[in-house]
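What follows is a set of notes on a single structure, which appears directly below.
Bear in mind these aren't lab numbers, they're just calculated from the coordinates by the rules spelled out. In this text, all values refer to a predicted model and were calculated from it rather than measured experimentally. With ideal geometry, Cβ positions are generated from the backbone for all residues, glycine too; neighbour counts draw on all protein chains shown.
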Amino acid sequence: EDQVTQSPEALRLQEGESSSLNCSYTVSGLRGLFWYRQDPGKGPEFLFTLYSAGEEKEKERLKATLTKKESFLHITAPKPEDSATYLCAVQDEGGGADGLTFGKGTHLIIQP
Amino acid sequence: DTGVSQDPRHKITKRGQNVTFRCDPISEHNRLYWYRQTLGQGPEFLTYFQNEAQLEKSRLLSDRFSAERPKGSFSTLEIQRTEQGDSAMYLCASSLRYGYTFGSGTRLTVV
């Protein structure tokens, strides 16, 4: 059974204080690892898809990296508008399953 | 870009009543997914359609739940005889290949 564990559960940073969020996963075969941002009362907003170990993707102040066992979402010089819950999910290539398995998310608060 | 649209945004119902939610995916997306999310948890997969065919259902989808996607366009999710444990955000997503686009969800409260 696919498993995704995200840490920390919550993180409070000062504006401009860089940090990283962790996503550890277990899958029989990884088709893709996804990062989403979710604001309160809204659906998840797509950020990145990573497909293979060593892959990196960047968007503004965010950078996602992938190894065979975990992914990191690095946040550089964050701003208050980066406050949200960040969700990690995996898609398994085996068994014909097409759904994503999500972690519980990291609730990020950026204080001005 | 119309995005994924869900209706209604909020629904309050009494225990034992039936409810139906609607999802309109991005028009060129042939895959449609339903997820359920409770407070403090990540979304949990419920079911998946490719065009009009329902290809996969999670163990979470009890007999009280039914989903349809007639003609491969919009989809409906019906919950019969609602229970308090059904209170959650119901999310719809669509995709063409990889990378899902989620709607804003329908928040269901069963009282």
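Just want the ordering: A:Ser83, A:Ser28, from fewest to most Cβ atoms lying within 10 Å of their own Cβ. Working shown, then result.
On the way: A:Ser83 17, A:Ser28 11.
By the 10 Å Cβ count, ascending, the order reads A:Ser28, A:Ser83.
In the stretch A:9-25, whose amide N lies under 20 Å from the spot 7 Å out along Cα-to-Cβ of A:Thr76? List them in ranges.
Zone members listed by number: A:13-23.
Computed on alpha carbon atoms, what radius of gyration and Dmax characterise the protein assembly as shown, expressed in Å?
Cα-based Rg and Dmax for the protein assembly as shown come out at 17.5, 51 Å.
Which stretch or stretches of the stretch B:1-29 have amide N atoms under 20 Å from the point lying 7 Å from B:Leu39's Cα along the Cα→Cβ direction?
B:9-15
Using the per-residue mean of other Cβ atoms lying within 10 Å as a proxy for protection, in what order, highest first, do the peptides A:18-26, B:99-107 fall? Mind showing how you got there, number by number?
Details: A:18-26: 17.1, B:99-107: 20.9.
The packing order, highest mean first, is B:99-107, A:18-26.
Once Rh for chain A is found with the Kirkwood sum over Cα pairs, what is the Stokes-Einstein diffusion coefficient at 4 °C and 1.567 mPa s, in µm²/s?
Numbers: Rh = 14.1 Å.
Once the numbers are plugged in, D ends up at 92 µm²/s.
Which distance in Å, rounded to a whole number, links the C-alpha centroids of the stretch A:2-53 and the stretch A:78-94?
3
Beyond 15 Å, what share of the Cα-Cα pairs of the stretch B:34-111 remains, rounded to the nearest whole percent? If you can, show how the numbers build up before the last one.
Details: 1712 of 3003 pairs.
Result: 57 percent of Cα pairs exceed 15 Å.
Counting other beta carbons within 10 Å of each residue's own, what order do B:Tyr35, B:Tyr48 fall into, fewest first? Walk me through the numbers on the way to the answer.
Values: B:Tyr35 27, B:Tyr48 23.
Ascending Cβ contact count within 10 Å gives the list B:Tyr48, B:Tyr35.
Within 10 Å of each residue's Cβ, count the other Cβ atoms and sort B:Asp63, B:Asp24 from fewest upward. If you can, show how the numbers build up before the last one.
Details: B:Asp63 7, B:Asp24 18.
Exposure proxy ranking, most exposed first: B:Asp63, B:Asp24.
Would you kindly calculate the mean projected area, averaged across all directions, of the convex hull enclosing the Cα atoms of the stretch A:1-42, in square nanometres? The partial results should precede the final answer.
Numbers: hull surface 17.8 nm².
Taking the Cα atoms of the stretch A:1-42, their convex hull projects to 4.5 nm² on average.
Count of lysine pairs in chain A with Cα atoms under 21 Å apart, counting only pairs 8 or more residues apart in sequence or on different chains?
So the count of such lysine pairs works out to 11.
If I model a spin label at B:Arg15 and A:Arg31 as a point 7 Å from the Cα along the Cα→Cβ vector, what separation in nanometres do I get?
About 3.8 nm, to one decimal.
Using a 7 Å offset from the Cα along the Cα-to-Cβ direction at both A:Lys63 and B:Glu52, what is the distance between the two label points in nm, to one decimal?
5.0
Quick one: pull the percentage of alpha-carbon pairs in the stretch A:50-112 with a separation above 15 Å.
Details: 1169 of 1953 pairs.
Here the tail beyond 15 Å accounts for 60 percent of pairs.
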